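Report on the following structure.
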Amino acid sequence: MKRLVIIIALLGLAGFVALAAVKMQQPRDDFVRSAMIGQPLPAFALPAASSEGEELTQADFRDGTPRLLNVWASWCVPCIAEAPQLSELQRQGADIVGVAINDTPENIAKFLADYGDPYSAVASDRMSQLQLKIGSSGVPETFVIDGDGVIRYQHLGDIMERDVPVLMAELRKAGL
Amino acid sequence: MIARFSVVGALLSLMVASLTLPIAAAATPHPPLAYRQLDNPSREAAAQELMETLRCLTCQSQSIADSDAPMAASMRHEVRTRIAAGEDPEAIRNWLIQRYGDYVSYSPQVGAATWPLYAGPIVLLLIAGLLIRHRLGGKR
């Protein structure tokens, strides 16, 4: 009986050490993922980033066309790095909607003039309303929204060259 | 003499740098309530208490009350706006958990993954109690 208790205790300890050793080998994942994947876009209404644009709402994502929702900002340095990849996605047929966080119309216009404008629409989210509603944890981030307005995929951080085919594949999965 | 000139040069470049700094800072705007306390002291206290137990998502070892990250500023604005509107702090916490998962909260909740943490000590105490009773009973 006593020996059995000791064996069980030692097995428990060995299991704990093995789990800790395995977990410590794995690279740290610093990203906090959205818990909204698989859920419809929450209701929102954001003004356009420029005077000639139109208001953006969740209804704009329910017309049957899957889209990329790119959360960015003119003050965000990695957003400059992902600009060529966004242009490439647009070239390959992606419809990209931009949402600029905590930004001003002048800075948005300057950023688009400097680094290219791959967007079919750009909305201004000055209070990070939509960003918080969809569980985005920073800029830049890119969400795949299917034609019914359901959030299907989240890419965290800037889009690198290797991420372009991944996002195109996610768009096709969403019905492109 | 050369050294003195370079000191003057360094001072001049510092002055130039200090002139350009405010422009760089103004390039990252933040929502109004990110750095402004609420006028109502008890509401501000409630907001502060909640913000200290919410994780900054881009600088994860800090609370949003401690962090200067743009994301933390946005979250402080959201918290203060909702508290000012009379919303319950725990309702705000739950709203954020729905969007970011349990990880956003520093105040752990009993759930499918965390219940052993709460049940564990009780089970261990029960086992210890049984062992002690067994031993004392054995000696008598």
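Return the total of residues in the stretch A:125-143 being over 21 Å from B:Arg82 (Cα atoms) and more than 8 Å from the chain's Cα centre (by Cα).
Adding up the residues that qualify gives 1.
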Original post:
Can you spot a residue in the stretch B:80-92 that is free of Cβ contacts under 8 Å to residues at least 24 places away in the same chain, crowded, with 16+ Cβ neighbours inside 10 Å and not aromatic (Phe, Trp, Tyr)?
Top reply: yes
**OP:** Kindly indicate whether A:Gly147 is surrounded by fewer than 17 Cβ atoms within 10 Å (Cβ to Cβ) and out of contact with any strand residue (DSSP E or B) (no Cβ under 6 Å at 6 or more places or on another chain).
**Re:** yes
**OP:** Considering only the stretch A:1-49, state which residues are among the aliphatic types (A, V, I, L, M) and surrounded by 12 or more Cβ atoms within 10 Å (Cβ to Cβ).
**Re:** A:Val32, A:Ala35, A:Met36, A:Ile37, A:Leu41, A:Ala45, A:Leu46, A:Ala48, A:Ala49
**OP:** Inspect all residues belonging to the stretch B:33-43 and state whether any of them is among the basic types (Lys, Arg), touching a residue at least 24 places away in the same chain (Cβ under 8 Å) and closer than 16 Å to A:Gln131 by Cβ.
**Re:** no
Subject >> Scope the stretch A:29-63; condition in a strand (DSSP E or B) and over 30 Å from B:Tyr106 (Cβ atoms); matching residues >> reply: A:Ala45, A:Leu46, A:Ala48, A:Leu56, A:Thr57
Subject >> Of residues in the stretch A:87-126 being on the phi > 0 side of the Ramachandran plot and surrounded by fewer than 24 Cβ atoms within 10 Å (Cβ to Cβ), the one farthest from the other protein chains (Cβ to nearest Cβ) >> reply: A:Gly93
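Of everything in the stretch A:139-168 that's within 13 Å of chain B (Cβ to nearest Cβ) and in contact with a Pro (Cβ under 8 Å, 6 or more places away or on another chain), which residue is nearest to B:Ala73 (Cα to Cα)?
By that ranking, first place goes to A:Val139.
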Original post:
Has the stretch B:35-54 got any residue that is modelled with pLDDT of 95 or more, surrounded by fewer than 10 Cβ atoms within 10 Å (Cβ to Cβ) and within 14 Å of chain A (Cβ to nearest Cβ)?
Top reply: no
Subject >> Filter result (within 14 Å of chain B (Cβ to nearest Cβ), hydrophobic (A, V, I, L, M, F, W, C) and either more than 24 Å from A:Ala113 (Cβ to Cβ) or in contact (Cβ under 8 Å) with a residue 40 or more places away in the chain (or both)) within the stretch A:53-86 >> reply: A:Val71, A:Trp72, A:Ala73, A:Cys76, A:Cys79
Original post:
Does the stretch A:73-86 hold any residues that are surrounded by fewer than 22 Cβ atoms within 10 Å (Cβ to Cβ) and small (Gly, Ala, Ser), and which are they?
Top reply: A:Ala81, A:Ala83
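The values are calculated or read from the model by the stated rules, or taken from the named source; none is laboratory data. Small disclaimer: the values here were computed from a predicted structure and weren't measured. Neighbour counts run over all protein chains shown; Cβ positions are idealised from the backbone, glycine included.
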